[in-house]
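One structure is given below, encoded as structure tokens.
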Amino acid sequence: ALPLVRLASGHQPPVPAAALESMPEDNFPERPDNHFQRVVGTVVHLALEELSLNDTLPDDPGEAERERWRCALRSEGLVGETLEEAMELVLESVQRTLGEDEGRWVLSCRHPGARSEWALSLADAQGRQRDIVIDRTFVDGATGVRWVVDYKTSHPAPDEDMAAFTAREEEHYRGQLECYRDALREVGSEPLRCALFFTALGKLHHMPDLDCPAREA
């Protein structure tokens, strides 16, 4: 397999907030049906990446952080009540993550080899290139195991219990996590452990059937 390389992060300049706020909502071009959910997910990822860089995690995000995330939502075309609804969902995910021990453990900058939003390029057996972004990965200093964590902002459906919800999410994202795991096997030799992290619940969901032992040198 070809070696993995770090991709340069692209940057899109934000739309000025004043310009967005002065436009009626019906002046925006039609969006895909899932645009709102995708924007919320993108900004939650941004928020958790920022927090993971802190030497000490806050108990609650400050005003400066909130304003950055609000600007990020506006730059994606959200205004008015839609903007406020999205901001509430972003804060729900951030506050639940910060309020749970598992969430704070995942975000801690004290883990060896910790990275957030790690962009990699890899090639398959046919030489086709695929670009991936791993939400969060780190080595547990106590065990030497590298965790591969994929953030999800989803909730259980009404009247859906946690077992059914996690089974559904596992089925949907198993291939994605397998790809991330296999990519990291090319980077290091540590044993690997895969998990989904449900940001709005503050819960880490380990998927043990995806675990891999240490790779032989």
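The values are calculated or read from the model by the stated rules, or taken from the named source; none is laboratory data. Since the structure is predicted, the reported quantities are computational estimates derived from the model, not experimental observations. Ideal geometry is used to build each Cβ from the backbone, glycine not excepted, and the neighbour counts take in all protein chains shown. Ligands, DNA and RNA are stripped out before the accessible areas are found, and what is left, the full protein with its side chains, is counted by its heavy atoms. Shrake-Rupley method; radii C 1.70, N 1.55, O 1.52, S 1.80 Å.
How many residues are part of a helix (DSSP H, G or I), closer than 30 Å to His206 by Cβ and open to solvent by 30 Å² or more (accessible area, probe 1.4 Å) when one looks only at the range 61-108?
Qualifying residue count for the region: 11.
Looking at (1) part of a helix (DSSP H, G or I); (2) touching a strand residue (DSSP E or B) at 6+ places or on another chain (Cβ under 9 Å), can you tell me which one Ile132 breaks?
(1)
Are there any strands (runs of 3 or more DSSP E) wholly within the range 139-217 with 3 or more residues that are touching a Phe, Trp or Tyr at 6+ places or on another chain (Cβ under 6 Å) and open to solvent by less than 60 Å² (accessible area, probe 1.4 Å), and if so which?
Numbers: elements: 146-152, 192-198, 203-206.
In the range 139-217, 146-152 are the strands (runs of 3 or more DSSP E) which contain 3 or more residues that are touching a Phe, Trp or Tyr at 6+ places or on another chain (Cβ under 6 Å) and open to solvent by less than 60 Å² (accessible area, probe 1.4 Å).
Are there any pairs, at least 6 apart or on different chains, whose C-beta atoms fall under 6 Å, with the first in the range 164-192 and closer than 12 Å to Asp150 by Cα and the second acidic (Asp, Glu) and in a helix (DSSP H, G or I), and if so, which?
none
Can you tell which of Pro3, Pro58, Pro29, Pro14 is outside any helix (DSSP H, G or I), within 26 Å of Asp140 (Cβ to Cβ) and modelled with pLDDT under 95? Even if it seems obvious, please write down each step before you answer.
Numbers: Pro58 fails: modelled with pLDDT under 95; Pro29 fails: within 26 Å of Asp140 (Cβ to Cβ); Pro14 fails: within 26 Å of Asp140 (Cβ to Cβ).
Exactly one residue qualifies, and that residue is Pro3.
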